[in-house]
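What follows is one structure encoded as structure tokens, with my remarks underneath.
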Amino acid sequence: MNILDKVKILGDAGKYDNCASSASKRKVDVKDGIGNAAKGGLCHSFINGRCVSLYKTLYTNACSFDCKYCENSSCNKRVAKFTPDELAKTFMKLYITNCVEGLFLSSGIVQNPDKTTEEMIQAVNLIRNRYNFHGYIHFKVLPGTSKELIKQASEFSDRLSINLEAPNKNRLNEVSSVKNFKTDILRRQAWIKRMKLPAGQTTQLVVGASDETDLEILKMVDWEYENFDLKRAYYSAFIPVPKTAFENKQKTMLNREHKLYSVDFMLRTYGMELKEFKQIMDDGNLPKEDPKLVLARENFSGPVDINESSYSELIRVPGIGPLSAKKIISLKKSGCKIKKYEELHNIGIVLKRAKQFISVNGCRQRMLGEFNV
Amino acid sequence: MVAGKECWVNLMYDLEYIKRHKKFDQNVINILNNQDQRLVLNKATKESRTFHDWGKQVGGEAHRIISFTRLKISDKGILYSEIFSEHKVEDIVINFFHRRFPKFLIVIGSKRIVYSIDKFGVRKKHLESVKNVVNHLEKNYFDEFLMNLNSEEDMWKTYYYSQNILQRRNKKLQVKMMPKKYMKHMGIENEFYKGNKKLDEF
């Protein structure tokens, strides 16, 4: 098998994993080496609107695990495997020609997780030490890997991650008979937390593979943010892959993934609490509409005065994000009042969404019920 | 105009970016100096918004060119590429690549100007085309490391197409995130930009 075939097969097998190149705080002197990690990350191309930033590949797509949704568990697939040298050279060529921003390395599990991880570490070691690469590396920890090897991987990586796949033990048992939720995954996350990586750790869940509810997912993620200093969680809507155990299962609507990201962002960045969202959930699932809009309809009895509101009130108005809320507060502090909707538009507020919940200088949008017919 | 008032716009804004805009006009700075500073800094007036937008557009273009430019490796190991920019961002782009690949000789240029930068950080302007500059510099230069990496295989295209998930096909988002004009930098075809179907193609 030639190298292009390997790039194709292993790239294709790794495409369902989510990652980003941002947020590494590591500072290095690049004079003797190659590459650096851009602060905000760079998207080097897009496919179907999704950013292709890192060289996202598996080390091998052969796998002895039986995850029912996973492409690697299917029969009749072409099996490929890099050697450490091949992987290092392929990645360096892509990096030097500015096609990718860093490396995302995951793998199927051959025989046992430690054996595969050892080979993955060899490849990363070559990239760091032979090629003097100083850029971004995201290393996927395989469930059940020993602590010693995770420690070794952390020395070469900016970010480590291990996929939760499902929100709790029972749900994970529905999709995999091999993985142990507590020992194989949560315990490893606790170890990674103590390693203090420059870009921290992340995780990923497959949404809809085990018929779990949104509340189950958000509860778990919220707990992880609190206990494991998770940088962020990724949600991947379940897509049935041919020749897997779940090939006839219905796919998850992408809208569900989008709503989970929206609530996740509000939990992580806005400082909102999960209990606020429980009141708008139906049987543990988020409403069909935008969660922030539904929450605002539930909570605001009338329009809020933009010049009198606090930060926490402003941030709950649809169309106003943390940045624009901070701008309004800074204007208020400097004694400058907002007098027109146009000024709000210029600040960056999406008036179409915000107008029904705010009043500016005594003016507000009239509701349909207020008109005398 | 009061002297103290005159300079606050210069102090508060990153004029280095704004002055690179193709529509940059000194008069806008004079107009801004006569407006309420608090409103201007929060982009609450039309002129301040335009001013902010100029900076954003230049920064955005530099960012996109840095992201989408594919460097090529010449026979003797020079990294080079031709870029297509509206604003004057060529030096920003070459400085970025020099920070990323400090050991190599890099040539970046547009129709306006071509720059080369060596491992010591010495940047030179050239008035010839990128290809001519590379040919000229190759006479006294070779880099073994890059010469070894240079190969015929088109790994990038193979990798790029392997990342496609058909079930997540989103034409609108693709066109928004990767405007057609930047496709030239990447050397890949995109099915979304093939134009309208002709009647006999249905």
Averaging over all projection directions, find the projected area of the Cα convex hull of segment B:13-92 and quote it in nm² with one decimal place.
6.0
Could you pull out every residue, at least 5 positions away or on a different chain, whose amide H is within less than 5 Å of the one on A:Leu54? Hs are placed 1.01 Å off N in the peptide plane, and Pro or chain starts have none.
A:Glu101
In debye to the nearest 20, how big a dipole does segment A:185-285 give about its Cα centre with +1 on each Lys and Arg Cβ and -1 on each Asp and Glu Cβ?
560
Base-10 log of normalised Debye intensity for segment B:70-147 (one unit scatterer per alpha-carbon) at q = 0.12, 0.26 Å⁻¹:
-0.28, -1.36
Other protein chain Cβ atoms within 10 Å, averaged over every residue that makes up B:91-102:
3
For segment B:55-69 and segment A:214-244, what is the centre-to-centre distance using only Cα atoms, to the nearest Å?
33
Tell me, what is a quarter of the convex hull surface for the C-alpha atoms of segment A:187-334, in nm² with one decimal?
11.6
Which whole-Hz ³J(HN,Hα) couplings does segment A:242-247 yield from phi under the Karplus relation 6.51 cos²θ - 1.76 cosθ + 1.60, θ = phi - 60°, glycine and proline marked x?
x, 6, 10, 4, 9, 5
Within segment A:3-252: Cβ-based charge dipole about Cα centre, in debye rounded to nearest 20 (Lys, Arg +1; Asp, Glu -1)
420
Sequence-distant or interchain residues sharing an amide H contact under 5 Å with B:Leu71, placed H: which?
A:Asn98
Among all cysteines in chain A, which have no other cysteine Cβ under 4.7 Å from their own Cβ?
A:Cys19, A:Cys63, A:Cys75, A:Cys99, A:Cys336, A:Cys363
Among the lysines, which fall within straight-line cross-link reach of A:Lys249, defined as a Cα-Cα distance under 18 Å, with same-chain neighbours fewer than 8 residues apart omitted?
A:Lys68
Based only on Cα atoms, what Rg/Rh ratio does the protein assembly as shown have, Rh being taken as Kirkwood's radius?
0.99
Estimated dipole of the protein assembly as shown in Debye, rounded to 20 [Cβ of Lys and Arg +1, of Asp and Glu -1, Cα centre]
1100
Neighbour-count ranking for B:Ser129, A:Ser301, A:Ser157 (other C-beta within 10 angstrom, fewest to most) reads A:Ser301, B:Ser129, A:Ser157
Which pairs, out of A:Lys140/B:Lys176; A:Lys243/B:Lys176; A:Lys15/B:Lys172; A:Lys140/A:Lys219, put more than 29 Å between their alpha-carbon atoms?
A:Lys140/B:Lys176; A:Lys243/B:Lys176
For peptide A:53-65, what's the mean number of Cβ atoms from other chains within 10 Å of each residue's Cβ?
1
Would you calculate, for chain A, the mean residue ellipticity at 222 nm contributed by helices, counting each DSSP H stretch of 4 or more residues as -39,500 (n - 2.57) and dividing by all residues, to the nearest 500?
-10500 deg cm²/dmol
How big is the equivalent ellipsoid of segment A:3-252 along its three axes, where each semi-axis is √(5λ) from the Cα gyration tensor, reported in whole Å from largest to smallest?
27, 21, 17
Just from the alpha-carbon atoms, what are the Rg and Dmax of segment A:89-192 in angstroms?
14.9, 46
By DSSP, what percent of the beta bridges with both residues in segment B:65-166 are antiparallel, rounded to the nearest 5?
70
What does the structure give for A:95-105 when I average, per residue, the other chain Cβ atoms found within 10 Å of the residue Cβ?
5
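Read-outs throughout are calculated quantities, based only on the coordinates presented, and are distinct from any laboratory measurement. What you see is a predicted model, and the numbers here were worked out from it, not measured in a lab. Neighbour counts run over all protein chains shown; Cβ positions are idealised from the backbone, glycine included.
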